[in-house]
Amino acid sequence: MGQQVRRAGVVSAIVLGATSLLTVGQASAATSHTTGTVTYMCGFPMIGQQPLDITARFDSPGPVSAGGAFTPAAIAGTATFSAIHNATIFSAANYDGLRGKVKAPVTATNATPASATVTGLDLPEQITPYVPGPRTVGFTQDAATAVPVFTAGAPGQATFALGTTFQLEVEFHKRDNTWTPWTLGCTVKNTNPAQNRAFAPAIPVV
């Protein structure tokens, strides 16, 4: 009888310990925040101002304390060229890829600074044969990316959004294995109603 009690106590301790670890893991799990597709007008070589669709994401630690500092992590996103621009840039003009860096301004509500810029997001070399249809390339945070630190405001929630500008400092790759540098300076496309540039969900401030 005594051995059974001791065994039951050991099993209970193990179960409680595992449950505690699981609870801690859930509490500290990162929360992913994403945008929808945001269309910017960008200055392309030869064809001038053209639309480029951007999506972005980042991770937060979940709820943050009022007055507490936090740094967005795992920042990444995509840039999508329309089927027409894929045909004119990556087929007719003999380009088949690109590489470079991305600069992404963001705005914050109930957090400071109210605006800041993530610089040095990596757009790795992506060379692929022309395929009719849209062409999507990805960019991501790496060790060289400079990410601003934010301070949460009052209890409630903090919201973040992509800025009204966006920049890609890229090199387009030609099929003859040469590279052409170009800076794509982009401004959010004016629409009515205005585009939703916010990341969702908001970050709880406690």
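Things to note:
- Averaging the Cα positions of each part gives two centres, and for the range 165-206 and the range 63-105 these lie 6 Å apart.
- Taking only protein heavy atoms and a 1.4 Å probe, the accessible area of the chain is 61% carbon and sulfur.
- Remark: the range 134-139, residue by residue, has Karplus-estimated 3J(HN,Hα) of x, 10, 10, 10, x, 10 Hz, where x stands for each Gly or Pro and the curve is 6.51 cos²θ - 1.76 cosθ + 1.60 at θ = phi - 60°.
- Per-residue ellipticity at 222 nm from helix content only, as computed over the chain with -39500 (n - 2.57) for each DSSP H run of at least four residues, stands at -5000 deg cm²/dmol.
- Counting 0.36 nm for each residue step from residue 149 to residue 92 and taking away their Cα separation leaves a gain of 16.2 nm.
- Interchain or long-range residues, amide H under 5 Å from residue 31's placed H: 60, 62
- Loop chymotrypsin sites (Phe, Trp or Tyr not before Pro), the range 127-201, which have at most 16 other Cβ atoms in a 10 Å radius of their Cβ (DSSP): 130
- The residue 194 and residue 46 beta-carbon pair, evaluated with R₀ = 22 Å, returns a calculated FRET efficiency of approximately 0.15.
- The shape of the chain can be summarised by an equivalent ellipsoid whose semi-axes, obtained from the alpha carbon gyration tensor, come to 44, 22, 14 Å from longest to shortest.
The values are calculated or read from the model by the stated rules, or taken from the named source; none is laboratory data. Just so it is clear, the structure is predicted and the values come from calculations on it, not from any experiment. Counting neighbours? That spans all protein chains shown, and the Cβs are built from the backbone with ideal geometry, glycine included. Note: accessible area is taken over every heavy atom of the protein model, side chains too, but ligands, DNA and RNA are not part of it. Shrake-Rupley method; radii C 1.70, N 1.55, O 1.52, S 1.80 Å.
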